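The structure appears below as structure tokens.
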Amino acid sequence: MAGVLSPIPEEASSLSRRITNSTTLVAGAAAALLALTACSSGVAPTAEVSSADEPRYGGTLTFLEPQAPTCAYSAHSYYPNATIMNQVGAKLTYQDPETLEITPWLATSWEVNEEATEYTFELRDDVTFSDGTPLEAATVALNFDHFGLGDAALGLAKQEFVSNYDHSEVVDENTVTFVFSAPSPGFLQATSVVGATIVARATAELPLEEQCQYENYVSLGPFTIENVVPEQQYDLAVREDYDWAPEISEHQGRAYVDAISIVVTPEDNVRTGALSSNQADAIRGVQVYDVPGLEQSGATVEYASINGVNALFALRPGNELLSDERVREALVLGTDVSAAVDSTFQGEYTRATSVLSSRAAGYVDLSDELAYDPGAAREILDEAGWVPGEDGIRVKDGRRLELTTWTAVVYPLNQELDELIAEQWEDIGVKLIIETPDAATSTATQKDPNEVGVYLTQVGRADPDVISSAFLSTSTRNVLVWQDPELDAILTDISRLPDAADRVAKAQEAQEYLVANHYVIPLYELPQTYATAAATHGLGWEAVGRLWLYDTWLSE
């Protein structure tokens, strides 16, 4: 079996992320923007082209990123990290963002045994790391040993995108085999995710603290890291000798722009203002209310699908109030998702109709099971013994029906959406308390269902394994913080069944089970939002919406 495998997404989880100090970062970003204004689009090309509509070489692309990157090793799926890593790294395979097919990149071909317990990859023989060392099977093996097993001596944790990993075998200089203790049908797709970026031995052998630092990151991408001002600016330089783009790419050879300056700019108005005034070439994180003004300035706003678990409320059964399924059912019935999403995002975002996004493999439309019916919600709460109190919030055995959720900066307009849903829940007699925790509180208590009973989450990865990543009780993410043996059995099958059709069927079953047991309220299909100035062309992203600037070019 070789060639193509079916899709699944990789994550951008909620509150485990450090909340950055926007005032400090805005100051750094503003200073950096002043310095970069002169070098943003208008550098003379280093190669001639025949038409103004065709790509040209040259220029420094200034990209404004709303959040500061974290450790380069352990948080690959975090979008600010991927903004850097997708430009400086390369993977064994490439997942087409439209078809979600897996195609060759650093690997020219692969073979998978019938049980999906052994994968053998043939590597290109013309690839070098940016430190000049060649790509060899032994280096690839070392990388995946770290991904699949971790390395206690170096302080490296195993990565969740690799399941059931046992060991690697170097067959020859350009051939490597990976062996699994149980079927791992999602592994081929896993070789295409940003976390599977191959680094040079000089980086791979460093302890975690040093691997976290981007200035130590040596990889195989079309750009290299030239200068770092931590949490403020990351400058990349083109590799003139780069000539191993994904096989499917029409563009081969070096990237078009000479350099990229990624400037951390948390404030929305600073990013949009810089783009509108041509101080920046592209930005991430466009709020819906800024779209009209950007488009009037000549900018283009684009939405990139993340093809995974939708943004949703996980209703945690370990919470003392939510342990009663009737309460969870009432919350599902009492949530007018369409009204809340349309009002918050002004019609720009799509309401979620299932656990998975509509483009993901295994998606099943469950809108009928998620219908809004506040009258039925009130009846269910009445039957469960919850009686409206003097202020309308229900009470039982002297306890108010109050639940807590947390806002997170990684979700656009999170506070506004929560407030609208809180109003809907008050209408059925439920109080939703909305809190914005500091980083220490987030880390210490986000896994406590009695602290956070209603948990906003989303996971991006274009493969059915994404549901297991989010909901399997043994997963490090396990957003429900709950063990349901029947659900675990379904999710385990997704990760182990070698047949693609069987995995898709199990993904559908998992979605139906999560909704039928009122474990989740799917909210919206979260896109990554980008905007480009009129002189910026060819901005791209990979299968879960993470930035890809290899094809991007700047007109004069």
- Here are I467, I521, I490: which of them is assigned by TED's automatic domain parsing to the domain that holds K431, touching a residue at least 40 places away in the same chain (Cβ under 8 Å) and part of a helix (DSSP H, G or I)? I467
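Which one is farthest from L294 (Cα to Cα) among residues in the range 524-543 that are more than 17 Å from the chain's Cα centre (by Cα) and in a strand (DSSP E or B)?
Step one: filter the range 524-543 for residues more than 17 Å from the chain's Cα centre (by Cα), giving 531-539.
Next, only the ones that are in a strand (DSSP E or B) stay: 531-532, 536-537.
On the way: A531: 8, T532: 9, T536: 14, H537: 16 Å.
Within the range 524-543, the match that is farthest from L294 (Cα to Cα) is H537.
Being over 30 Å from P66 (Cα atoms) and in contact with a helix residue (DSSP H, G or I) (Cβ under 8 Å, 6 or more places away or on another chain) is the requirement here; does P185 meet it? Steps first, please.
Working: over 30 Å from P66 (Cα atoms): yes; in contact with a helix residue (DSSP H, G or I) (Cβ under 8 Å, 6 or more places away or on another chain): yes.
Taking the combined requirement at face value, the residue satisfies it.
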- Item | Boolean, G148 is buried (at least 22 other Cβ atoms within 10 Å of the Cβ) and within 26 Å of A182 (Cβ to Cβ) | yes
- Task: Tell me, please, whether a residue that is touching a strand residue (DSSP E or B) at 6+ places or on another chain (Cβ under 8 Å), within 30 Å of E240 (Cα to Cα), buried (at least 16 other Cβ atoms within 10 Å of the Cβ) and of a type outside the set (V, I, T) can be found in the range 171-181.
- Result: yes
- In the range 444-462, which residue that is β-branched (V, I, T) and within 23 Å of G195 (Cβ to Cβ) is modelled with the highest pLDDT? T457
- Task: Enumerate the helices (runs of 4 or more DSSP H) found wholly within the range 367-446, keeping only those where 1 or more residues are among the charged types (D, E, K, R) and either in the same structural domain as D324 (by TED's automatic domain parsing) or crowded, with 16+ Cβ neighbours inside 10 Å (or both).
- Result: 374-383, 414-427
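Yes/no per residue for (1) assigned to a loop (DSSP other than H, G, I, E, B); (2) modelled with pLDDT of 95 or more:
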site: S74; (1), (2): yes, no
site: S77; (1), (2): yes, no
site: N86; (1), (2): no, yes
site: K91; (1), (2): yes, yes
site: T120; (1), (2): no, yes
site: S130; (1), (2): yes, yes
site: A141; (1), (2): no, yes
site: E160; (1), (2): yes, no
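Given A408, A360, A384, which one is of a type in the set (G, A, S) and at pLDDT 95 or above? Give the steps one after another, and end with the answer.
Details: A408 fails: at pLDDT 95 or above; A360 fails: at pLDDT 95 or above.
Just one listed residue meets the conditions, A384.
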- Message: Go through the range 165-191 and report how many residues are outside any strand (DSSP E or B) and more than 26 Å from P97 (Cα to Cα).
- Response: 4
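Looking at this structure, is A202 under 21 Å from A543 (Cβ atoms) and either modelled with pLDDT of 95 or more or of a type in the set (D, E) (or both)? Walk me through it before giving the result.
Numbers: under 21 Å from A543 (Cβ atoms): no; either modelled with pLDDT of 95 or more or of a type in the set (D, E) (or both): yes.
Considered against the rule, which asks whether it is under 21 Å from A543 (Cβ atoms) and either modelled with pLDDT of 95 or more or of a type in the set (D, E) (or both), A202 comes out as no.
If we keep just the residues of the range 349-366 that are part of a loop (DSSP other than H, G, I, E, B) and of a type outside the set (G, A, S), which is farthest from V430 (Cα to Cα)? Break it down stepwise before answering.
Initial filter on the range 349-366 (part of a loop (DSSP other than H, G, I, E, B)): 349, 352-355, 357-366.
Remaining after also requiring of a type outside the set (G, A, S): 349, 353, 355, 359, 363-366.
Numbers: Y349: 26, T353: 23, V355: 24, R359: 34, Y363: 31, V364: 30, D365: 28, L366: 24 Å.
Filtering the range 349-366 for residues that are part of a loop (DSSP other than H, G, I, E, B) and of a type outside the set (G, A, S), the one farthest from V430 (Cα to Cα) comes out as R359.
Pick from L294, L315: which is among the hydrophobic types (A, V, I, L, M, F, W, C), under 30 Å from W406 (Cβ atoms), touching a helix residue (DSSP H, G or I) at 6+ places or on another chain (Cβ under 8 Å) and outside the structural domain of G538 (by TED's automatic domain parsing)? Let's see the steps before the verdict.
On the way: L294 fails: outside the structural domain of G538 (by TED's automatic domain parsing).
Answer to the check: L315.
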- Of the residues V199, V229, which single one is farther than 23 Å from P66 by Cα, among the β-branched types (V, I, T) and in contact (Cβ under 8 Å) with a residue 12 or more places away in the chain? V199
- Note on the structure: Going through the range 487-532 in order, the residues found to be hydroxyl-bearing (S, T, Y) and over 27 Å from T405 (Cβ atoms) are T492, S495, Y530, T532
- Say whether the condition of being closer than 21 Å to A408 by Cα, part of a loop (DSSP other than H, G, I, E, B) and either at pLDDT 95 or above or aromatic (F, W, Y) (or both) is met by at least one residue in the range 298-318. yes
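May I ask you to verify whether A543 is surrounded by fewer than 24 Cβ atoms within 10 Å (Cβ to Cβ), hydrophobic (A, V, I, L, M, F, W, C), under 25 Å from Q287 (Cα atoms) and not assigned by TED's automatic domain parsing to the domain that holds Y363? First the steps, then the outcome.
Details: surrounded by fewer than 24 Cβ atoms within 10 Å (Cβ to Cβ): no; hydrophobic (A, V, I, L, M, F, W, C): yes; under 25 Å from Q287 (Cα atoms): yes; not assigned by TED's automatic domain parsing to the domain that holds Y363: yes.
For A543, the condition - surrounded by fewer than 24 Cβ atoms within 10 Å (Cβ to Cβ), hydrophobic (A, V, I, L, M, F, W, C), under 25 Å from Q287 (Cα atoms) and not assigned by TED's automatic domain parsing to the domain that holds Y363 - is not met.
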- The listed residue being surrounded by fewer than 21 Cβ atoms within 10 Å (Cβ to Cβ), under 25 Å from N164 (Cβ atoms), in contact (Cβ under 8 Å) with a residue 12 or more places away in the chain and in the same structural domain as F345 (by TED's automatic domain parsing), out of D484, D502: D484
- Give the range 236-253 a look and list any residue that's β-branched (V, I, T) and surrounded by 17 or more Cβ atoms within 10 Å (Cβ to Cβ), or say none. V238
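The values are calculated or read from the model by the stated rules, or taken from the named source; none is laboratory data. Please read all numbers here as calculations on a predicted model, not as lab measurements. Cβ atoms come from the backbone with ideal geometry, glycine included; neighbour counts cover every protein chain shown.
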